[in-house]
Amino acid sequence: MKALCTSENLKKGVLSAEKIIGKSLTLPILSNILLEVEKGGIRISATNLEIGLVAKIRAKVEKEGKVAIPGRIAGGILSQLSDGGKINLEENNNTLKFIYNGNSAAIKGMDAKDFPIIPKPQSAPLFEISADDFQKKVGSILVSAATSDTRQELTGVYMEFSENKIIFATTDSFRLAEAVLKLKKEDIAEDYKHYLAKNKSVIIPARTISEVIRAISMEDGKIKVYLEENQIFFESPDILVVSRLIDGKYPEYKQVIPKEFMTKVILKKEDLLKATRLAGVFSDSKSREVKLKISDGKGASAEEYHPGKMTVFAESVEAGEGSWSVDCAVSGQGGVEVAFNNRYLVDGLNSLGMEDVSLELNDSFGPVMFREIAGGKPKADYFHIVMPIRS
């Protein structure tokens, strides 16, 4: 095989594939990525048998061929090369030679025929979603997915279907996040209606969503979504990601979401983040507890806000104590004090993209909802809930 491509394109494709590969002592081929030089460009593939990725890049092809090479080595080389240059690729006896600006490196590979087959969609896409919305909204909920395999379904992203929207949700039992992506009529295939009649939801590994977000770019426009037997495919113009689905029943998380809140607070996200981090210096090393105290809202109704203060404080035997106050607007019942795990509070705030945010709660022990503020009102397409510490 012999081909010429830009260092930027090859780097993007190889580094996307490198993130997928796994370490397997019994199947060494899985630590490799597959390069297939064919008419019109290069296909770069990787799989860990649960997630598979295929990236397509443009290239000038002189001779077709394919080879499997260690992903870590290829990624290590390409990550150090500057963009804008040209790379010549030449393969001989399963050794791939990189030639760049007069320098060269030869990577020993494996026979491509040993590389696992990565499935391709066997049907048309069910719907398309905005790559920009997917990255921003769905990417924001990943922090709430569980990392322990004790309950495998909680390590995934819940995906619920309806006629004109898709709901994505994650929870680790201590926090919960939900994002809503609207579907346009022109982005829905006829088969989606048939699928919807039989299937209401699926659970996707959170890592799969992370890899899709990492691999695609906002400039891709639309992502095509395919759902087939126990598999889901995400496809942009240059990337295809396939993943198994998690078999299990997702918890009925909507039952824990309060329908109304007695206290609502609007404030600047960065102000609360700064106060939380400062107070967190004094939090107990085990509980990481920080407390928020909301000043009296003067009994204002849900529609009336009054100027107020929110004080964030923490104390511990080893560090001492500290408190910081931020300006806010309060409606409803004030004087509430609530305790949080400092890290959960910071993660929740960081998941919000707007400058102004709302905090809504009923008491010191129930769920506390964080939402973005747009046009003076909380947005309905995303929320993040944190459960307080019952101290």
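Remarks
- The slack in the chain from T26 to E318, taken as 0.36 nm per residue of separation less the alpha-carbon distance, amounts to 100.3 nm.
- By the helix-only formula, in which each DSSP H run with n ≥ 4 contributes -39500 (n - 2.57) and the sum is divided by residues, the chain has a 222 nm mean residue ellipticity of -4500 deg cm²/dmol.
- From least to most packed, judged by other beta carbons within 10 angstrom and beginning with the fewest, I188, I69 follow the order I188, I69.
- Efficiency of FRET from Cβ geometry, K184 and Q122, R₀ 25 Å, rounded to 0.05: 0.50
- Scalar couplings 3J(HN,Hα) for region 191-208, obtained by applying the Karplus form with A = 6.51, B = -1.76, C = 1.60 to θ = phi - 60°, are 5, 4, 4, 5, 5, 4, 5, 10, 10, 9, 6, 9, 10, 10, x, 4, 5, 4 Hz; x denotes Gly and Pro.
- Average Cα contact separation per residue, region 258-386, under 8 Å, 6 or more apart, as relative contact order %: 29
- Sites listed here are GluC sites (Glu not before Pro) in region 93-180 whose DSSP assignment is loop and whose Cβ has at most 14 other Cβ atoms within 10 Å: E163.
- Working note: Karplus 6.51/-1.76/1.60 with θ = phi - 60° gives region 348-361 the couplings x, 5, 5, 6, 8, x, 8, 6, 9, 9, 10, 10, 10, 7 Hz, where Gly and Pro are set to x.
- From the coordinates of this entry, semi-axes √(5λ) of the Cα gyration tensor in Å is computed, and it appears in (1) 46, 25, 19; (2) 52, 31, 16; (3) 42, 22, 18 under the label (1).
- The slack in the chain from D247 to N230, taken as 0.36 nm per residue of separation less the alpha-carbon distance, amounts to 5.3 nm.
- Our summary of shape: the Cα atoms of region 258-386 have principal axis extents of 43, 29, 24 Å, ordered from largest down, in whole angstrom.
- Label-point separation in nm, K193 to I257, each point 7 Å along Cα→Cβ: 2.7
- Remark: the Cα gyration tensor places region 72-130 in the oblate category, a/c being 1.5 or greater and a/b not exceeding b/c.
- Working note: Karplus 6.51/-1.76/1.60 with θ = phi - 60° gives region 312-322 the couplings 10, 9, 8, 8, 7, 5, 7, 10, x, 8, x Hz, where Gly and Pro are set to x.
- Selection from G84, I294, F261, by position along the positive dipole direction of the chain (Cβ): G84
- With R₀ fixed at 41 Å, the C-beta to C-beta distance from D363 to L49 puts the FRET efficiency at about 0.30.
- Relative intensity, log₁₀ I(q)/I(0), of region 2-114 from a Debye sum that treats every alpha carbon as a point, q = 0.11, 0.12, 0.20, 0.22 Å⁻¹: -0.30, -0.35, -1.03, -1.27
- Each Lys and Arg Cβ is given +1 and each Asp and Glu Cβ -1; about its Cα centre, the chain then shows a dipole of about 720 debye.
- The distance from the alpha carbon centre of region 325-343 to that of region 184-200 is 43 Å, rounded to a whole number.
- Positive end of the dipole of the chain (Cβ unit charges, origin at the Cα centre): among G13, M1, P251, the Cα lying farthest that way belongs to M1.
- For the chain, built as a Gaussian network whose Cα springs stay under 10 Å, the top-fluctuating residue of V256, V61, V157: V256
- Highest-first packing order for the peptide set 347-360, 204-217 is 204-217, 347-360, based on the mean count of other beta carbon atoms within 10 Å.
- Around the amide H of G308, modelled in the peptide plane, lie the amide H atoms of C328, A329, V330, all under 5 Å away and 5 or more residues distant in sequence or on another chain.
- For peptides 273-280, 143-150, sequence by mean Cβ density within 10 Å, most packed first: 273-280, 143-150
- A cut-off under 14 angstrom between Cβ atoms defines the neighbours of A189, and their net charge, with Lys, Arg +1 and Asp, Glu -1, is -3.
Coordinate-derived values only; no laboratory data. Computed from a predicted structure; not experimentally measured. Here the Cβ is made from the backbone with ideal geometry for all residues, glycine too, and neighbour counts use every protein chain on show.
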